[in-house]
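First up is the structure itself, then whatever we jot down about it.
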Amino acid sequence: MGTPTEKWSASGRCRRHTQRQRLQAGLSKACQDIGFFIPSLIAREKLETFPCTKPGAVEWFYGANGPDMGFDPEFPVALDDRLRVSTWRAHHLLALEQCDVAIAPTQWQKSQFPATYQPKIQVLHEGIATDMLGPDPQAQLTLPNGQVLKASDPVVTYVARNLEPYRGFHVFMRSLPALLAAHPTCQVLIVGGDEVSYGRPPKHARSWREALLREVNIDTSSETGRVYFLGKLPYAQYRRVLQVSAVHVYLTYPFVLSWSLLEALASGCAVVASDTAPVREVIRLGENGLLVDFFDGARLVDAVGKALNDPSGMQAMRRAAKESVKERFALEACNARYLELLDLNSSESIEMHITHFV
């Protein structure tokens, strides 16, 4: 693990990172974690003889006054929060100064960066594996209690890396009693962990799942309940969740767009999503998905109910959802655009391990 000093030093962090990652001399896509160290690493290794454009992956530029911070009045922004994001902003500005070209996944995410740097930022999504995703009318999913759900069943799905307010988990949970009452045969599958990816942890509970289960009266027992917390799943099982979904719910603050939304659309799900900035860039209301106000739980229940009650009427929207993602976010096409952006082809991208830092 190295000495204590090395463990927390910038160079030590790079050593640990390069034990796990390859640096491409032709295409060194620097993540925000160590992005502004990459040019120095390249210089040290004397790779100047290779053509090397130094791009930076810029995901999100936090603002002390939003759009994500302060968006939800339930969680007011404290002074410590504002001071903390100031340091995050400095980190990203250093990365932007070091790179030759920056890449943001969406126009919305690009628009959050200072105008001075926006000409340097190109919009290009990382892409998702659309060839591995898609509807399957024969799909089945076996739940932990042995119950088998099929693609034709009234199944509502919700997915987030971690279950937390930034992804609307509190709004979704508070809508469940009304949804379950209105649709007595529907089953609800919730995929995600109990950690915190963004924002703050709850004050009086170990996780947001625990906090919301204390607040919301729903039955989660394996015998009589209709709400299932599946945790984090292997990818193959996660795909099955999307394939048996009758309606998929995606909620988010005005923030980074989740891959899970694109994966749900690519799977041909009938998606009900929050009418927030990153989502509007992908979902066209009534064409490839439905949009509702982030805070309006009653409208959410109505929209989910509409999709549950009219599965045949959702078929055109589900087909459009799949095609819309295939057209814009297919992994192979996005990779090709990366190479085109940097004026490279795959044969010119020279991979090497940086063994000096291992």
- Within the bounds of the stretch 158-166, is there any residue that is part of a helix (DSSP H, G or I) and within 18 Å of the chain's Cα centre (by Cα)? yes
- Is the stretch 101-111 home to any residue that is touching a Pro at 6+ places or on another chain (Cβ under 7 Å) and more than 22 Å from residue 326 (Cβ to Cβ)? yes
- Message: Kindly evaluate residue 251 against the criterion of being surrounded by 17 or more Cβ atoms within 10 Å (Cβ to Cβ), of a type in the set (A, V, I, L, M) and either modelled with pLDDT under 95 or closer than 30 Å to residue 107 by Cβ (or both).
- Response: yes
- Task: For the stretch 242-269, enumerate the residues that are over 14 Å from residue 167 (Cβ atoms) and of a type in the set (Ser, Thr, Tyr).
- Result: 245, 267
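To keep it simple, each residue is scored yes or no on (1) of a type in the set (S, T, N, Q); (2) over 23 Å from the mean Cα position of the chain (by Cα).
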| site | (1), (2) |
| --- | --- |
| 183 | no, yes |
| 190 | no, no |
| 201 | no, no |
| 214 | no, yes |
| 217 | yes, yes |
- Is it the case that some residue within the stretch 165-174 is free of Cβ contacts under 8 Å to residues at least 60 places away in the same chain and closer than 16 Å to residue 219 by Cα? yes
- Screening 270, 266 for residues that are among the hydrophobic types (A, V, I, L, M, F, W, C), touching a residue at least 12 places away in the same chain (Cβ under 8 Å), closer than 17 Å to residue 149 by Cβ and touching a Lys or Arg at 6+ places or on another chain (Cβ under 9 Å) leaves only 270
- Query: Among the residues of the stretch 216-232 satisfying the criterion of being out of contact with any Asp or Glu (no Cβ under 8 Å at 6 or more places or on another chain) and charged (D, E, K, R), which is modelled with the lowest pLDDT?
  - Reply: 223
- Query: Tally time: how many residues in the stretch 295-335 are in contact (Cβ under 8 Å) with a residue 60 or more places away in the chain, among the small types (Gly, Ala, Ser) and within 25 Å of residue 137 (Cβ to Cβ)?
  - Reply: 3
- Task: Could you run through the stretch 93-152 and say how many residues are in the same structural domain as residue 236 (by TED's automatic domain parsing), among the small types (Gly, Ala, Ser) and free of Cβ contacts under 8 Å to residues at least 12 places away in the same chain?
- Result: 1
- Being in contact with a strand residue (DSSP E or B) (Cβ under 7 Å, 6 or more places away or on another chain) and either crowded, with 24+ Cβ neighbours inside 10 Å or of a type in the set (A, V, I, L, M, F, W, C) (or both) is the filter here, so list the residues in the stretch 90-104 that pass it. 95, 96, 99, 101, 102, 103, 104
- If you check 148, 85, 155, which single one turns out to be of a type in the set (A, V, I, L, M) and within 27 Å of residue 329 (Cβ to Cβ)? 155
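Every residue, every condition in (1) in contact with a His (Cβ under 7 Å, 6 or more places away or on another chain); (2) among the aliphatic types (A, V, I, L, M); (3) modelled with pLDDT of 95 or more; (4) more than 26 Å from residue 307 (Cα to Cα), yes or no:
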| position | (1), (2), (3), (4) |
| --- | --- |
| 127 | no, no, yes, yes |
| 161 | no, no, yes, no |
| 176 | no, yes, yes, no |
| 183 | no, no, yes, no |
| 193 | no, no, yes, yes |
| 200 | no, no, no, yes |
| 214 | no, no, yes, yes |
- Leading residue by the ranking (surrounded by the most Cβ atoms within 10 Å (Cβ to Cβ)) among those in the stretch 175-206 that are of a type in the set (D, E, K, R) and free of Cβ contacts under 8 Å to residues at least 40 places away in the same chain: 194
- Query: Which of the residues belonging to the stretch 250-288 are under 19 Å from residue 303 (Cβ atoms), touching a helix residue (DSSP H, G or I) at 6+ places or on another chain (Cβ under 6 Å) and of a type in the set (D, E, K, R)?
  - Reply: 287
- Note on the structure: Among helices (runs of 4 or more DSSP H) entirely within the stretch 188-275, at least 1 residues that are farther than 19 Å from residue 329 by Cα occur in 208-215, 235-243
- Looking at this structure, is residue 237 among the polar types (S, T, N, Q), surrounded by fewer than 20 Cβ atoms within 10 Å (Cβ to Cβ) and assigned by TED's automatic domain parsing to the domain that holds residue 301? yes
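The values are calculated or read from the model by the stated rules, or taken from the named source; none is laboratory data. Treat the numbers as computed from the prediction; the structure is a model and nothing was measured. Every residue, glycine among them, receives a Cβ derived from its backbone with ideal geometry; neighbour counts consider all protein chains shown.
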